[in-house]
Amino acid sequence: MAPRFVPAPRSHGPGTPPRRPMGDFFALTERQRQARSEASAVFQQIRDVALRMTMARDTVVAAGGLTTARVILLERIALVEPRLCTVSEHARGLRLARQSVQRLVNVLARYDLIAFRRNPRHRRARLIALTDGGRRYLKLAAAFEADWLADVTGRCEKRAVEHACWILRALRERAGRPQPDYQG
């Protein structure tokens, strides 16, 4: 007599209880639970500050008629100069879709903040360079941001700012290094 096939019970889905871990493998001690909740609170604060800084940067660069995304792309172009890159290379470096970077590049070219250069390695993929207007805009945006930062940090004690910088450096070192930019 052939063995009869018996389907395994469903492990997930509607109407089935969730699986329970075997033993106390996932059980945390009170100290581990407290450490985890403290770390969660720290990272929530960091996310909140990062969001607020992004919103403030939007306000600062809006005075010049641009968005944060456009300024970030201008900063990236300035960062890799004198080496010129294509839209695809900038997109990889920023970890964004090529199409979204292409849209930003088109707008920046309309404002005459960047210029296209001929690419000797490729017939259609042009290289991107900052114009003098782009450099002036970056300096102006940096000055606005410096004034804003001085205003924000001026309301804090110097020791508190130094301590916050120390903590952020330690967190950055613990979190590891991000992948390096594409150097193509």
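Tabulated results
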read-out	value
Whichever residue in region 1-57 is more than 30 Å from TRP166 (Cα to Cα) and among the polar types (S, T, N, Q) and, among such residues, is modelled with the highest pLDDT	THR16
Region 77-92, residues that are in contact (Cβ under 8 Å) with a residue 12 or more places away in the chain and either within 12 Å of GLU145 (Cβ to Cβ) or aliphatic (A, V, I, L, M) (or both)	ILE77, ALA78, VAL80, LEU84, VAL87
Test for ARG174: is it of a type in the set (Lys, Arg), under 23 Å from the mean Cα position of the chain (by Cα) and surrounded by 11 or more Cβ atoms within 10 Å (Cβ to Cβ)	no
Selection status of ARG126, out of contact with any Gly (no Cβ under 9 Å at 6 or more places or on another chain) and at pLDDT 80 or above	yes
Whichever residue in region 28-86 is within 30 Å of ARG118 (Cα to Cα), among the aliphatic types (A, V, I, L, M) and within 14 Å of the chain's Cα centre (by Cα) and, among such residues, is surrounded by the most Cβ atoms within 10 Å (Cβ to Cβ)	LEU73
Pairs, first surrounded by 13 or more Cβ atoms within 10 Å (Cβ to Cβ) in region 130-155, second of a type in the set (Ser, Thr, Tyr), C-beta under 8 Å, six or more apart	GLY133/TYR111
GLU162 being among the charged types (D, E, K, R), exposed (fewer than 15 other Cβ atoms within 10 Å of the Cβ) and either within 19 Å of the chain's Cα centre (by Cα) or at negative phi (or both)	yes
Residues located in region 39-76, provided they are assigned to a helix (DSSP H, G or I), small (Gly, Ala, Ser) and under 23 Å from ASP151 (Cβ atoms)	ALA50, ALA56, ALA62
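The values are calculated or read from the model by the stated rules, or taken from the named source; none is laboratory data. Given the structure is predicted, the values throughout are model-derived calculations rather than measurements. All Cβ positions, glycine included, derive from the backbone under ideal geometry; neighbour counts span all protein chains shown.
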